[in-house]
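The values are calculated or read from the model by the stated rules, or taken from the named source; none is laboratory data. Note that the structure is predicted; figures quoted are calculated from it, not measured. Please note: Cβ atoms are built from the backbone with ideal geometry, for glycine as well, and neighbour counts cover all protein chains shown. Protein only, heavy atoms only, side chains kept; ligands, DNA and RNA dropped before computing areas. Shrake-Rupley method; radii C 1.70, N 1.55, O 1.52, S 1.80 Å.
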Amino acid sequence: MKNYCQEAMDTLTSLGASYGDVRILNYRREDIFLRNGKPGGLNFYESLGAGVRVIVNGAWGFASTTEITSASMKDCAIRAITIAKASAMVKKQNVKLSPRKPVEDVWGTPFTIDPFKVSLEEKLGLLTKIDDILRKKPEIKVASSSMQFAREQQWYMDSEGSYIAQDLMRSGAGYSATAVGNGDMQIRSYPQSWGGNHKSMGYEIVHAYDLLGNAERIRDEAIALLTAPECPSGRTDLILDGPQLALQIHESVGHANEFDRVLGFEANYAGRSFMVPSLHFAPSGFKYGSEIVNLVADTTVPGGLATFGYDDDGVRGGRFHVVQNGQHRNWFTTRETASVLGEETESNGCNRSDGYSNIPITRIPNLSLMPGSWKLDDLIADTKDGIIMEVNKSWSIDQMRLNFQFGTEIGRLIKNGKVTGIVKNPNYQGVTPEFWGSCDAICNQDHWDLWGVINCGKGQPGQTAEMSHGGAPTRFKNVMCGIKG
Ligand SMILES: [Zn+2]
């Protein structure tokens with residue numbers, strides 16, 4: 001593959017590109033869905049292609065090809081140059097890239113069991129057993145379970161001397177049960193909604209969550225929700241579990257700190273931000289949350305869906321605070337956007353593309369709320385009046401990433417330090433800095449896990465990216481809950 005990269009690179013430099021990079025991608029994926037005992041989809045697909053990105057006369061050009069031959073790589077490079085030259089005629093200013101040292105490296109996701117070597121019988125066998133348990137009670141009208149596995153091999157070369165080979169593996173599994181009765185419909189999912197949990201690892205993720213062992217509880221909770229009281233309306237203390245906290249982080253911190261949105265470059269998909277650059281330079285740092293709020297971006301954390309050696313700018317993965325002790329510290333940048341912060345400012349490695357045929361854009365990396373010191377039992381015992389909300393069901397947030405409302409699958413009421421029962425249709429609303437400012441207790445590392453987002457949409461044409469958000473159950477004081485209508 002190195003030779004093919006080199007051939008495109010030679011073409012780029014001979015035609016006057018001031019910068020160029022080439023990425024060849026081989027992507028393999030297996031999706032297995034079971035719905036009410038029948039395979040709802042068994043998809044296996046594989047793609048191979050290359051993308052060439054180039055700067056000529058201060059403007060970007062990009063082209064891709066599905067054919068990896070000497071002739072097509074050269075042709076792809078020529079097309080990228082032609083596009084860059086055309087873009088240069090309408091450019092407002094020259095593209096600048098922040099400094100970075102070239103590197104030669106090989107990086108791969110650590111994994112124990114290659115999911116592509118596990119038989120389809122074994123995978124379907126487990127999903128069928130789960131399905132049997134979920135549909136043992138007639139109230140469950142829809143039982144769906146799934147597994148997804150993906151492997152992406154990348155070969156990257158740029159005109160500054162980098163050559164990087166990466167081998168990324170991602171695996172996920174989960175299920176949900178939908179109960180109908182009492183004039184209502186309720187859903188419960190495990191280990192989280194929207195297709196289960198996904199991590200950068202192998203088939204071992206399937207064993208890491210006790211999928212079978214939780215099926216009965218999930219089924220019975222879905223049924224119990226049918227006759228449960230509605231979530232009470234009013235202000236109360238709110239404890240979010242890991243999966244819901246993950247989405248809260250994603251929507252109100254992740255997207256709000258993509259520097260392209262902050263700069264106004266990217267305004268699709270509810271795509272602006274209440275954060276403005278001047279806030280970052282205020283002497284005290286913008287107060288994003290309470291003093292115990294530490295939100296850390298980390299593309300090196302084991303298991304994160306955005307865990308990699310290098311981003312699509314060839315920038316090394318790393319760890320940095322977005323919010324430290326409640327104060328805003330960093331944006332998510334690329335080599336292009338980091339240069340706006342100062343000529344010597346380096347990118348923090350958030351440039352990623354969806355496949356070989358898209359140009360990379362600013363992406364949320366893994367972003368996690370650092371654990372605190374509480375045991376969950378102690379946190380509940382310490383709560384006089386409150387509600388625990390578990391597993392996301394619905395979300396809405398305005399395009400400035402400021403006002404939001406989230407619904408979860410189940411709520412558990414707390415009175416005088418004890419869980420007293422479940423409620424249905426729980427939801428809450430808030431305003432980003434106030435909400436994070438009301439955070440007063442975070443559970444410890446034992447309760448902490450990474451929760452994957454596999455469908456983060458952005459850009460035009462639309463691109464999908466994956467990342468993980470870590471969190472342990474976390475308490476927010478005096479939050480508006482139980483919003484009707
Ligand atoms: Zn997203």
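Inspect all residues belonging to the stretch 335-347 and state whether any of them is among the hydrophobic types (A, V, I, L, M, F, W, C), farther than 19 Å from N294 by Cβ and at pLDDT 95 or above. There is no residue in the stretch 335-347 that is among the hydrophobic types (A, V, I, L, M, F, W, C), farther than 19 Å from N294 by Cβ and at pLDDT 95 or above. Restricting attention to the stretch 346-366, the residues being open to solvent by less than 10 Å² (accessible area, probe 1.4 Å) and in a loop (DSSP other than H, G, I, E, B) number 6. Selection of the stretch 325-336 for residues being surrounded by fewer than 19 Cβ atoms within 10 Å (Cβ to Cβ) and assigned to a strand (DSSP E or B) yields only Q327. Note on the stretch 53-79: among residues that are free of Cβ contacts under 8 Å to residues at least 60 places away in the same chain and in a strand (DSSP E or B), the one that is nearest to D158 (Cα to Cα) is V54.
Considering S278, S290, the condition of being away from the ligand (no atom under 16 Å from the Cβ), surrounded by fewer than 24 Cβ atoms within 10 Å (Cβ to Cβ) and modelled with pLDDT under 70 is satisfied by S278 alone. Applying the set (1) over 20 Å from the mean Cα position of the chain (by Cα); (2) outside the structural domain of V322 (by TED's automatic domain parsing) to L238 leaves exactly one unmet item: (2). Counting only strands (runs of 3 or more DSSP E) that fall entirely inside the stretch 425-485 and contain at least 1 residues that are within 16 Å of the ligand (Cβ to nearest atom), the qualifying elements are 449-458, 463-471. Across the stretch 266-275, the qualifying residues are those that are away from the ligand (no atom under 13 Å from the Cβ) and modelled with pLDDT of 70 or more, and the one among them that is most open to solvent (accessible area, probe 1.4 Å) is R272.
Using the structure shown, decide if M389 is more than 16 Å from the ligand (Cβ to nearest atom) and either under 30 Å from L168 (Cβ atoms) or touching a helix residue (DSSP H, G or I) at 6+ places or on another chain (Cβ under 8 Å) (or both). In short, yes. As a summary of the residue check, F406 satisfies the conditions (1) open to solvent by 40 Å² or more (accessible area, probe 1.4 Å); (2) touching a strand residue (DSSP E or B) at 6+ places or on another chain (Cβ under 7 Å) except for the one numbered (1). In the stretch 88-127, how many residues are open to solvent by 50 Å² or more (accessible area, probe 1.4 Å), of a type in the set (A, V, I, L, M) and not in a strand (DSSP E or B)? The number of residues fulfilling the criteria is 4. Taking the stretch 361-371 as the range and being over 18 Å from S200 (Cα atoms), within 16 Å of the ligand (Cβ to nearest atom) and of a type outside the set (S, T, Y) as the test, only I361 passes. Filtering the stretch 26-58 to residues that are under 20 Å from S353 (Cβ atoms) and crowded, with 21+ Cβ neighbours inside 10 Å leaves A50, G51, V52, R53, V54, I55, V56. One residue stands out among those in the stretch 367-403 that are at pLDDT below 95 and in a loop (DSSP other than H, G, I, E, B): the one that is surrounded by the most Cβ atoms within 10 Å (Cβ to Cβ), which is R401.
Residue-level analysis places A50 outside the set of residues that are at pLDDT 95 or above, part of a helix (DSSP H, G or I) and small (G, A, S).
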